[in-house]
Every structure is written in structure tokens, then in C-alpha cells.
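Colleague: Quick one: structure below, then a few questions.
No lab work stands behind these numbers, since they all come straight from the coordinates. Everything numeric here is computed off the predicted structure, so don't read it as measured data. Please note: Cβ atoms are built from the backbone with ideal geometry, for glycine as well, and neighbour counts cover all protein chains shown.
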Amino acid sequence: MIGTVHRLPASTFDAVAAGRFDGTASGILRAGQFSRHLLLVRGLVDAARDRFPGRRGSIDDALGVLAEAQAADPASFAAVVGYPYVGSWAAHTLQRIATGAEDAERHVGQLQAIAAAAAVRSGLRTPVTVPAPGGTVHLPTLGSAWGGSPGPATVLAGQPASVRFADRTVRIPVGAADSDGWHALRPIGSDGAVLDDLHAYRVPASLVPTPRLGPRQHADWSRLHRSAERRLVARSPAAAGLLPLLKAVTPLEGSGGLRGLSATSRHAFGSIVLTPPDGPAGFAATLAHELRHAALNALLDLVPLIEPDSTRRYYSPWRRDPRPLHGILHGAYAFLGVLEYWRGEGERGGRTGFELARTAEQVVTAIDTLERSGRLLPAGERFLAGLRRSLARDGQADVDEPAATAAHRAVEEHRLAWRLRHLRPDPVAVAELAAGWAAGHDRPGATPAATLAESTDPFVESGRTALLAHAAKDAAWVGSLRDRPEEAFSRWPDLLDGDLALATGDLLSAARRYGERIATAPDDLDAWSGLAVTSTEPIWSRRPELVQAVHRCLLRDGRPAPVHDLARWLTPLADAYIGGGSRSSSNR
């Protein structure tokens, strides 16, 4: 198998940075990722030969079939080896071999199935022996044969092709049709992408894919996807150049109320995994977002933009956990695509106005963080200039006042909640402040720095944010919930009493309710972030974690303090207090 190194012309780089994709840009990114797959497979083969000498014969046979397929039909070969989940398989298996995992040898066997898929697609008559764990053989880009006896099976090209188990033969129909013992990969949308609910390597271990979808579920996904494609192309012309990158869509389980989750893996270029979409508009925004992630992953494999650093972490306006600078870059780039989409919707109020205003403010924060980091390489500086051009073009969030207000509160609440979760003021200085308060000092004396705590909190959009979005769309309906709060709490179980007041703009009532909650549940971070976003003392908007830390210290010492009085006392430290410590964080 032969790969090629692909260079990116400066004009194409600038177009990608500004979010403009044509056939040249998409083609270079695809070609670069195909070469990456070839390199991954070659690295895996070399590692497997050394680690598992007994497999050398089957590995060499598979490589021989792949070479024949590449010579006979390069396009079919590229379709199989370049398939997104071949990349995720290769990366996963190489990592298992490198770490000495006990199951590594089992994963190596998928190489034979990849060779068999390439043989079938290119019409080779060479029989290919493949493992069949559990009596199933999965052929990337084609589908799965099932119901056979466990053990080796033989894949034969022909008209039709077939998978021969020890106890039965399963025919592979032409096209995306199921048959007895065969589940086909089925198309979704209009650009050749498939709905992949079969491949064993289709999602990371932390996510749960759906089992095989029934015909009605597949039809629902296809209908939504086609509607989202049309919507995206009409409202965000730049996305038309990104859609051909998409090769596979994989549904995730949406049980337990899990919605709005989507992801793109750098090892599975051209795939998206997501929970059931809430409609064409949300699906279109997800496509705009995730395809930007895919494009940036591919670009970063060709052109480094950021100095390597494995330790520094920063505030991301989209995540609960501190993120490396690459994560901030990805967020800014992906959400600029979302911003362009929402602007194309043409509305300036309601949910669209809320998303416009919120996304614009989030992107500004991320771009500022990138600019201040001091870690961008020259190519990264040039890329950042492209992001700023995109922001100037699409970032003017001229939305109506209710949408702008709700969006700003959602963004601020997220920022303040992040500070409360992750910034830890110096405990010695906190104890001095607590002692000064208890002694009745007129002013606080210490100015503690803070360090950034690690966290593995996943991103989950809160009920509070959803309620604010609804307030932008229908303030009267949200206002009516204050008379029937049980309806709100049944819809968003994580809401607090103060959230209904916050969403209706009654900040005094919201602050009082959040304060009451803290009095009975002092460790409730949602109550603290709600209080921070509704209170007027500068300490709340700049250093809420300091109020929380001193309050907690006093409580631990048996000297509880009224939280509002304590905040007023600490306000002189709003500007003097240094946040960040040995790891970087945003103090906006």
C-alpha cells in the first residue's frame, strides 16, 4: 500500500481558516486522511508482526489481498481503507499492542475483514479467510454477516459475493439490502454517507451506540438527515463544501433523557456520532459543528498550529472541564460554523436569536483566550486571523433584547459555574480572610492566588440553560411556570427554585432563593453559580470561588456567615485577587 504526503497551498489554508471550502480544500483534507490511514495500518502491521509471530502468515495474506485490490480498483480500495472506522480500529489496535493489552491480538484480526471488504468491492476472486468471533463477520463499507458458527469464515467475491461459515453460507446482496443472515450498511442523506449501526469500532468506549435500528427508525433518521442537509446548504453555503467529507453517521443511545450529544473523533475522519436529533434545525447545526471539527482535525495533521504542551488548561465556554489550547481552538472553529448557520436562519428573536447571541459571545471569549495564550505558531497566528475574519462576518449578533439578555445570562452562568468548580483559592490566605471576617475587621487583608483543579466532568447542558433559551422564545410561557413550578421541574429535574425567577428577569427574587438554597445545601454549586449571575457585587462576577471558599471555611469552623454580607466584605478583592496559579485560566 502506497501513501502520499499532501501539502496545503497558502490560499487553501486561508480559505479553510475562514471557513470556506471548495473541492480543492476538501480533496486535500480527504487525501491527507487517507494517507494517515495507510500509515496507521502500516504501523499496526509492523507492530503486530513483532508482537504476534504466529499471525505473520495471516497478516501477509491480508496485505497481499489489499495490494491486489489497490491495483485492480484503486477507488474501491480507497473507499474501504479510507472508511472512518478503519481509522478508529487501526488507532485503537495500535494502542492496545503498544500497551501490551491482553486482547490486542483479537483486534488484529479485523485486518483480514478489511482485506475481504476490499476484495469484494474490487471484484477479486481471491478467497479471504477472516475471524468470525461470535459467528459474525463485519466487512467495512458493506455490512455484517451473522448467525454462523464462531471460528474462521471465508469471504468470496462474485455475483453474488458470500461469507461461508462452517455451518452456513450467507449471500451478500448487491446494494444496501438486507437478506437472511446479512445486515447491510444503509444510506443516509444524499451525499453517499451511510448510517453505521454495525461497526464494532464506531464509537469511543465512553459512549453507547444503539443496536441495529429497525426500518422505521432508519427511515426517520434518513428523513431528518436529508432535511438537515437541505437546510444547512440553504442557510450556510460554506457547508456545501463540507458535506462531501461525511461518510458515516452513527446513532448513540438517547435513553435516560440524554439529548444533544454529538462527537467527532480525529481517528475516524468523516464520521459523526450523535444522540437522536430534536429536528432538522438542530441536526443542521450539529452537522455544521461536527464537520468543522473533522476539517480542523485533518488540517492539524498537515499543519501544526500550536506549540506542544500537555499540561496547561484553559476555560472553554462550551465545556465544564478545563481544556488544552487545542480544545479552545476546536471550539472556536466549530462554533463559528454554528454561528454562520444560525445567522442564515434569518430570525433575530426566539431560540435562533438566543443561539446567535450566545454563540457569538462564546466565540469571542475563545478567540481572546487563543490570542492571549502566547502559544500559537506562525501558522496558528495566520489561522487565528482567519477566525477573526469569520467572526467579523458572522459574529454581529443583532438580536432582540429578550434573546440577547437570556443568552448573556447563560454565558455568564457557565463561566461563573466553571470558576466555582475548578479554581481553588490558596487555603492559607482563605483561612486568614475567614479569621478577619470573624474578628470583625473592616476590610479583608489577604489576596489569595488560585490553582486550577483537574476535573473529568462531562459536558451536559443544564436545565437552567434550556429554560433561558425558552424564555427568549416564549417569555409568557416561562413566566406562567412560576405558578405551576411542578411542570418545569418534571421537564428539567435539575432546576432550582431560583431558576424560574432568573429566567423571567426577577433577579432579586432569584438571588434570595439561591441564597436560601446555599443556607441549607452549602455545597450546591448550581446554587452558587445562580447566585453569582444574579448578584451585583463585583466579587460575584469576577471571583465567585473566593466567596465560596471563605464561606466554606467559616462554616467548617462553626462560624457561618450570611453569604450576601460576606460578598460585600470581600468586594475590595475583586480586582486585587489573582486567579490562575501554576496553570492557565481565563479571568474574564
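Colleague: So what is the relative contact order for the stretch 506-578, in percent, with contacts set as C-alpha pairs under 8 Å and at least six apart?
Modeller: 28 percent
Colleague: How much length, in nm to one decimal, is gained on full extension between residue 484 and residue 49, taken as 0.36 nm per residue of separation minus their Cα-Cα distance?
Modeller: Details: separation 435, 0.36 × 435 = 156.60 nm, distance 6.68 nm.
Gain on extension, residue 484 to residue 49, equals 149.9 nm.
Colleague: Quick one: Karplus J couplings for the stretch 504-509, per residue in order, coefficients 6.51, -1.76, 1.60, θ = phi - 60°, nearest Hz, x for Gly and Pro?
Modeller: Once θ is set to phi - 60°, the couplings for the stretch 504-509 become 9, x, 8, 6, 5, 5 Hz.
Colleague: Oh, and also: Compute, for the chain, the length of the dipole vector about the Cα centre, with Cβ point charges of +1 (Lys, Arg) and -1 (Asp, Glu) only. Units Debye, rounded to 20.
Modeller: On the way: 66 positive and 63 negative charges, 208 e Å.
Dipole about the Cα centre, nearest 20: 1000 debye.
Colleague: Projected area of the stretch 318-431, taken from the Cα convex hull and averaged over every viewing direction, in nm²?
Modeller: Computing the convex hull of the Cα atoms and averaging its projections yields 8.4 nm².
Colleague: Next question, about the same structure. Counting every Cα pair in the stretch 404-573, what percent are over 28 Å apart?
Modeller: Across the stretch 404-573, Cα pairs with separations above 28 Å total 24 percent.
Colleague: Amide H to amide H, which residues 5 or more places from residue 161 or on other chains are under 5 Å from it, using H placed in the peptide plane?
Modeller: The answer is 172.
Colleague: Projecting each Cα onto the charge dipole of the chain (Lys/Arg +1, Asp/Glu -1 at the beta carbon, about the Cα centre), which of 147, 535, 224 comes out farthest on the positive side?
Modeller: 147
Colleague: Sequence gap at least 6, Cα distance under 8 Å: using those rules, report the relative contact order of the chain to the nearest whole percent.
Modeller: The value is 10 percent.
Colleague: Counting Lys and Arg as +1 and Asp and Glu as -1, each charge on the Cβ, what is the dipole of the stretch 216-376 about the Cα centre in debye, to the nearest 20? Let's see the in-between values first.
Modeller: Numbers: 21 positive and 16 negative charges, 45 e Å.
Here the stretch 216-376 has a charge dipole of around 220 debye.
Colleague: Tell me, what ³J(HN,Hα) does each residue in the stretch 263-273 have, in order and in whole Hz, if you take phi through Karplus 6.51 cos²θ - 1.76 cosθ + 1.60 with θ = phi - 60° and put x for Gly and Pro?
Modeller: For the stretch 263-273, the Karplus-derived couplings read 7, 10, 9, 5, 8, 10, 4, x, 10, 9, 10 Hz, x marking Gly and Pro.
Colleague: In percent, how large is the relative contact order of the stretch 50-112, given Cα pairs closer than 8 Å and 6 or more residues apart? Write out the running numbers ahead of the final one.
Modeller: Numbers: 23 pairs, mean separation 21.9, N = 63.
Once normalised by length, the contact order is 35 percent.
Colleague: Taking Cα atoms of the chain, Rg/Rh with Kirkwood Rh, to two decimals? Please list the in-between numbers first.
Modeller: Working: Rg = 27.2 Å, Rh = 26.4 Å.
On the Cα set of the chain, Rg over Rh gives 1.03.
Colleague: Check each of the trypsin sites (Lys or Arg not before Pro) in the stretch 115-181 and keep only those in coil by DSSP with at most 10 other C-beta atoms within 10 angstrom; list them in order.
Modeller: 125
Colleague: Can you give the helix-only mean residue ellipticity at 222 nm for the chain, where every DSSP H stretch with n ≥ 4 adds -39500 (n - 2.57) and the sum goes over all residues, rounded to the nearest 500 deg cm²/dmol?
Modeller: Computed mean residue ellipticity for the chain: -17000 deg cm²/dmol.
Colleague: Just the Cα atoms of the stretch 213-350, one point each, no solvent: what log10 I(q)/I(0) does Debye give at q = 0.11, 0.13, 0.19 Å⁻¹?
Modeller: Debye output, listed in q order: -0.44, -0.61, -1.20.
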